[in-house]
Amino acid sequence: MAKIKYYNGTTELVYVHAVKNDKFEAIGGVKSKDNYYDSCLRMAGCDPTDTVKVLPVTRKVEYKSNPSKHKCDARCVNAKGHTCECSCGGQFHGSGNR
């Protein structure tokens, strides 16, 4: 079973939860299909080093359950899809498209 990872830039977020759209925009969030929860809520989480500060989700990556863990390169950084299986564990997957 694949694992969904949520990121703000290249920081993997913990304690990911839904927040109301107005709070999401107040913390600097930009609406996208990657942070959509429902019509009134968006996804946000915390930096593992500062669990008090809430950050908006900018990317969502599905990390395969049996990844090949090939070396991360431009194919991963510039990927348009949401599925990753390289050595970065999803940290840089699609980050070049933002």
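Read the figures in this text as sums done on the coordinates, not as results from a lab. Predicted model only: the values in this text are computed from it and were never measured. Note that each Cβ is placed from the backbone with ideal geometry, even for glycine, and that neighbours are counted across all protein chains shown.
Magnitude of the Cβ-charge dipole of the chain, K/R +1 and D/E -1, about the Cα centre, nearest 20 debye? Show your work: numbers first, answer last.
Values: 16 positive and 10 negative charges, 51 e Å.
The dipole magnitude comes to about 240 debye.
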**Item:** the chain, Cα convex hull volume normalised per residue, Å³
**Value:** 94 Å³
